[in-house]
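Chemist: Below you will find the structure I want to go over with you.
The values are calculated or read from the model by the stated rules, or taken from the named source; none is laboratory data. None of the values given here were measured: they were computed from a predicted structure. No Cβ is skipped: glycine too gets one built from the backbone with ideal geometry, and neighbour counts run over all protein chains shown. Heads up: the accessible areas ignore ligands, DNA and RNA and are worked out on the full protein's heavy atoms, side chains in. Shrake-Rupley method; radii C 1.70, N 1.55, O 1.52, S 1.80 Å.
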Amino acid sequence: MARRDRSSTPPPPQAPLPAELLGGPGAFFGRLAASEPRAWRYVAPVLLAAALSGVVYALLVRPSVGLGGSGGGFLVHATNAFGTFFLTVFGYGLMAGLGFLGAGREGRAAEVYGATFALLPPLYLLLVVLLLVLPAPELPSAASSATTFDVQRAALRAVGQSPLSRAAVALTMLGTVAQFVLAYRGFRTFTGSRRRALTGTLSPFVPVLLLTVIGFGPLLAGLF
């Protein structure tokens with residue numbers, strides 16, 4: 001009889017796929033709450049979003065690469081992409097760590113914030129397509145006496161003022177804010193406490209937004 005009871009024990013509910021978050025956060029976090037905690041469960045969306053964000057940034061600044069005799073090539077593009085990749089992954093670390101401190105163990109911050117990264121790949125893919133299809137912004141002609149720094153600064157200013165650059169910055173910032181809105185919903189589901197949900201959401205909010213601004217720093221600095 002005991003053997004029959006063990007064999008008839010239902011398996012634990014399966015966690016939803018990260019893409020299911022786009023179909024309804026309430027149902028998504030409800031199903032996730034019924035599954036076993038796994039801190040690394042939604043690392044894949046984080047890495048995918050980080051990789052695509054690196055591609056977007058490398059495509060944005062590519063018109064300025066190699067100007068003024070500064071050198072160019074694959075290594076420079078790869079460095080630009082990896083820098084943004086690293087900042088995105090580091091940002092997730094801030095979300096998971098500070099969210100854990102704010103919402104507690106029951107908040108499952110690593111899973112909640114990891115799942116919210118499912119919002120970003122569609123936005124980044126759209127930007128990649130636009131950057132590949134639309135013409136690059138026109139760069140100002142450099143004076144013969146201009147230094148390499150001056151040439152690159154003028155190029156970054158032109159790139160930063162382009163509609164695609166502004167769209168990329170705006171979409172990234174809005175996507176990040178949307179992540180925190182969804183995270184609050186998840187923390188409310190897991191903890192049942194509005195205070196802990198707010199703390200888990202607001203603790204990493206400003207640091208992550210500042211990190212996003214730093215990632216676009218060279219383009220934003222070109223505007224001033």
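Chemist: Identify all residues within segment 172-191 that are within 14 Å of residue 27 (Cα to Cα) and of a type outside the set (Ser, Thr, Tyr); write none if there are none.
Modeler: If the condition is that a residue be within 14 Å of residue 27 (Cα to Cα) and of a type outside the set (Ser, Thr, Tyr), then 182, 183, 185, 186, 187, 188, 190 are the ones that fit.
Chemist: Further question on the same structure: So, in segment 199-208, of the ones that are assigned to a helix (DSSP H, G or I) and touching a residue at least 24 places away in the same chain (Cβ under 8 Å), which residue ends up nearest to the chain's Cα centre (by Cα)?
Modeler: 208
Chemist: Quick check: anything in segment 175-182 more than 16 Å from the chain's Cα centre (by Cα) and farther than 30 Å from residue 156 by Cβ?
Modeler: No, every residue in segment 175-182 fails to be more than 16 Å from the chain's Cα centre (by Cα) and farther than 30 Å from residue 156 by Cβ.
Chemist: Being at pLDDT 90 or above and open to solvent by less than 40 Å² (accessible area, probe 1.4 Å): is that true of residue 172 here?
Modeler: Here the answer is yes, as residue 172 does meet what is asked.
Chemist: Something else: I need the full set of residues from segment 81-99 which are surrounded by 17 or more Cβ atoms within 10 Å (Cβ to Cβ), free of Cβ contacts under 8 Å to residues at least 40 places away in the same chain and not small (Gly, Ala, Ser), in order please.
Modeler: 85, the sole residue that qualifies.
Chemist: Sticking with this structure for a sec: Considering only segment 91-109, state which residues are in a helix (DSSP H, G or I) and either under 10 Å from the mean Cα position of the chain (by Cα) or closer than 16 Å to residue 28 by Cβ (or both). Before the answer, list the steps.
Modeler: So the first thing to find is which residues in segment 91-109 are in a helix (DSSP H, G or I), and the list is 91-103, 105-107, 109.
Within segment 91-109, 91, 92, 107, 109 meet the criteria.
Chemist: What is the number of the single condition among (1) open to solvent by 40 Å² or more (accessible area, probe 1.4 Å); (2) modelled with pLDDT under 90 that residue 132 does not meet?
Modeler: The single condition residue 132 does not satisfy is (2).
Chemist: Does residue 75 count as modelled with pLDDT under 90 and of a type in the set (A, V, I, L, M)?
Modeler: Yes: the conditions hold for residue 75.
Chemist: Given the condition assigned to a helix (DSSP H, G or I) and under 30 Å from residue 153 (Cα atoms), answer yes or no: does some residue in segment 186-194 qualify?
Modeler: Within segment 186-194, not a single residue is assigned to a helix (DSSP H, G or I) and under 30 Å from residue 153 (Cα atoms).
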